[in-house]
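A.B. asks: The structure's right below; bear with me while I get my questions together.
FYI, it's all coordinate maths here, none of it is from the lab. All of these numbers come straight from a predicted model, not from anything done at the bench. Don't worry about glycine lacking a Cβ; one is built from the backbone with ideal geometry, like all the others, and counts go over all protein chains shown.
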Amino acid sequence: MADKIRKELPETPLRLALTIPGILHVEKSPSQIDAANALDSFKVNALGPLLLMKHLSPFLPTKSASGFPISEGNLQLPSHAIYAMMAARVGSISDNASGGWYSYRASKASVYQIAKTFDLYLRGRCTERAIAVALHPGTVKTDFTKEFWKGRDLLEPLDAADRLLRVIAGLRPDVDGGRGRCWDWKGKEVLP
């Protein structure tokens, strides 16, 4: 993928990246934890974002790069690059009130740390030209969440995507602008 991007767009910096891997093996009690399924959760939910970050980070603008022009239209992208990775509210340790889903929660908690650590790297390499964040889309009405629809407020996929794009387009590269943290589809911070 990275080779193809570099070949087809040799001098084009990455402006917006959304990495959205996700897999869930339901474990309601510790006795249901299966090593192969847990490893699968970590491979997809934590290692996947790490490897995508490894291969896509060279495409982000460095501190000496010019800013992007502010886009026009309904969605105005800022002049800096945004690298966002999909977390989940259930990965928040402070928000965990129900337990269960051990490997999913642990692997998605990793994304909070990956986003923070990557953003610290970008502060040095890119300064205000690029930020990294984690995102929580809400419960989106897809096959992935089908068994959890009952009794929940659901978002349609296009609505969730639109809301998340609006949230990240509003994040700024200054320290208080939201970089290195997790944001939900309402624009509220999800604490680790």
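A.B. asks: Looking only at the range 164-177, count how many residues are among the small types (Gly, Ala, Ser) and under 15 Å from Leu16 (Cβ atoms).
C.D. replies: 2
A.B. asks: Looking only at the range 31-62, filter to residues that are closer than 20 Å to Phe148 by Cα and not aliphatic (A, V, I, L, M); which one of those is farthest from the chain's Cα centre (by Cα)?
C.D. replies: Checked the range 31-62; the qualifying residue farthest from the chain's Cα centre (by Cα) is Gln32.
A.B. asks: Report the residue count in the range 31-45 for those that are in contact with a helix residue (DSSP H, G or I) (Cβ under 7 Å, 6 or more places away or on another chain) and farther than 21 Å from Gly138 by Cβ.
C.D. replies: Residues in the range 31-45 being in contact with a helix residue (DSSP H, G or I) (Cβ under 7 Å, 6 or more places away or on another chain) and farther than 21 Å from Gly138 by Cβ: 4 in total.
A.B. asks: Here's a check for you: in the range 129-182, which residue that is touching a residue at least 12 places away in the same chain (Cβ under 8 Å) and of a type in the set (Val, Ile, Thr) is surrounded by the most Cβ atoms within 10 Å (Cβ to Cβ)?
C.D. replies: Top of the filtered list is Ile131.
A.B. asks: What is the residue count in the range 56-79 for residues that are closer than 27 Å to Tyr112 by Cβ and either small (Gly, Ala, Ser) or touching a strand residue (DSSP E or B) at 6+ places or on another chain (Cβ under 6 Å) (or both)?
C.D. replies: 5
A.B. asks: Of all residues in the range 46-57, how many are in contact with a helix residue (DSSP H, G or I) (Cβ under 7 Å, 6 or more places away or on another chain) and charged (D, E, K, R)?
C.D. replies: 0
A.B. asks: Continuing with the same structure: Which of the helices (runs of 4 or more DSSP H) contained wholly in the range 1-120 include at least 2 residues that are under 23 Å from Ile168 (Cα atoms)?
C.D. replies: 48-56
A.B. asks: Same structure again: Identify the single condition in (1) closer than 25 Å to Gly177 by Cβ; (2) in a loop (DSSP other than H, G, I, E, B) that Asp162 does not satisfy, given that it satisfies every other one.
C.D. replies: In the conditions (1) closer than 25 Å to Gly177 by Cβ; (2) in a loop (DSSP other than H, G, I, E, B), Asp162 misses (2) alone.
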